[in-house]
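The values are calculated or read from the model by the stated rules, or taken from the named source; none is laboratory data. Please read all numbers here as calculations on a predicted model, not as lab measurements. Backbone-built Cβ (ideal geometry, glycine too); neighbour counts: all protein chains shown.
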Amino acid sequence: MLEIKNLSKSYKKHKVLDNVSYHFTPGVYGLLGENGAGKTTLLRCISDIISGDSGEILWKDAPVADNREFQNALAYLPQKFGAIADISVYQMLQFLAVLKEIPKARQEEAIMRALKLTGLSDEAKKKATALSGGMTRRLGIAQMLLGDPELMLFDEATVGLDPEERIRFKSVVSQTKQGRIVIISTHVVEEIESLCDRILVIHAGKLIADMTCEQLKAVAEGHVFELAADRLPSDTPYYMLNEFEQNGERHCRILSMDALQAPPVKPSLEEGYLCLIHS
């Protein structure tokens with residue numbers, strides 16, 4: 001349904017996207033990469049906010065540029081989502097429903113459903129600009145749900161959210177993902193582990209991996225170790241993951257591409273990702 005073909009984009013002499021290609025079908029995709037990897041630029045190209053220097057993006061075999069059918073199928077939550085001043089939460093969603101060309105007879109039902117799914121029903125009459133940061137993020141998610149979009153793009157959707165808000169976000173995605181393409185960009189690995197069918201890793205503008213969560217974890221098999229701090233290797237490079245206390249002693253969890261004189265432990269998704277990009 002959504003196809004990216006040989007997409008490249010540069011800002012001055014810096015290549016942000018380098019010949020990216022991928023074919024999306026309905027499902028939830030985690031777009032994983034460090035800050036500056038090209039995630040936001042890719043989502044902005046997909047949403048037709050900016051154009052690539054070369055390559056093309058197709059929605060149902062038609063270019064997304066100036067494509068009204070595509071725009072009506074798209075919902076996009078950027079990193080920064082601002083509320084409109086001097087109107088209520090309900091009025092803001094009503095305004096956005098008009099922009100999305102939702103028939104007037106269906107607007108009330110669509111708005112109430114979006115408010116309920118995001119836990120904003122009790123805030124409907126509040127000024128949109130009076131919401132907390134987490135509530136404003138919820139409002140951004142609510143506006144995405146208007147009109148039953150076929151393509152949902154979340155750019156760092158959980159930034160600034162507390163643990164309860166993050167759980168709510170995952171619940172909303174789980175309840176609304178059926179039959180849709182959902183792309184969630186993040187640099188926080190654990191945010192997407194329980195949500196995504198596929199993990200796409202973007203590094204230095206290149207799409208370097210397309211894996212399931214279990215496949216990405218397996219990249220670090222045999223490379224993650226836990227050992228006492230006084231047993232850390234002195235002649236082998238390693239990446240420090242964390243430190244912890246065990247039986248009154250300081251222990252370390254490390255990532256090493258070389259074999260150590262210690263049994264490896266089961267890796268996490270984040271460790272698989274680190275192993276992939278640092279190997």
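Comparison of 190, 164 shows that the only residue that is part of a helix (DSSP H, G or I), in contact with a helix residue (DSSP H, G or I) (Cβ under 7 Å, 6 or more places away or on another chain), farther than 26 Å from residue 10 by Cβ and at pLDDT below 85 is 190.
Number of residues in the stretch 241-278 that are among the polar types (S, T, N, Q) and surrounded by 10 or more Cβ atoms within 10 Å (Cβ to Cβ): the value is 2.
Selection of the stretch 140-153 for residues being buried (at least 23 other Cβ atoms within 10 Å of the Cβ) and free of Cβ contacts under 8 Å to residues at least 60 places away in the same chain yields only 142.
A count restricted to the stretch 212-230 and to residues that are of a type outside the set (Ser, Thr, Tyr) and surrounded by fewer than 19 Cβ atoms within 10 Å (Cβ to Cβ) stands at 10. I'd like to check something: does the stretch 147-161 contain any residue that is under 16 Å from the mean Cα position of the chain (by Cα), of a type in the set (D, E, K, R), on the phi > 0 side of the Ramachandran plot and modelled with pLDDT under 90? Yes, because at least one residue in the stretch 147-161 is under 16 Å from the mean Cα position of the chain (by Cα), of a type in the set (D, E, K, R), on the phi > 0 side of the Ramachandran plot and modelled with pLDDT under 90.
Evaluated against (1) β-branched (Val, Ile, Thr); (2) free of Cβ contacts under 8 Å to residues at least 40 places away in the same chain; (3) part of a helix (DSSP H, G or I), residue 129 falls short on exactly one condition, (2). Conditions first: (1) closer than 24 Å to residue 185 by Cβ; (2) at pLDDT 95 or above. Residue 99 passes all but one, so which condition is the exception? Of (1) closer than 24 Å to residue 185 by Cβ; (2) at pLDDT 95 or above, only one is false for residue 99: (2). Among the residues of the stretch 95-126, those that are under 23 Å from residue 173 (Cβ atoms), assigned to a helix (DSSP H, G or I) and basic (Lys, Arg) comprise 106, 113, 116.
Of all residues in the stretch 189-215, those that are polar (S, T, N, Q) have Cβ atoms under 7 Å from Cβ atoms of residues that are not in a strand (DSSP E or B), 6 or more apart or on another chain, in 194/170.
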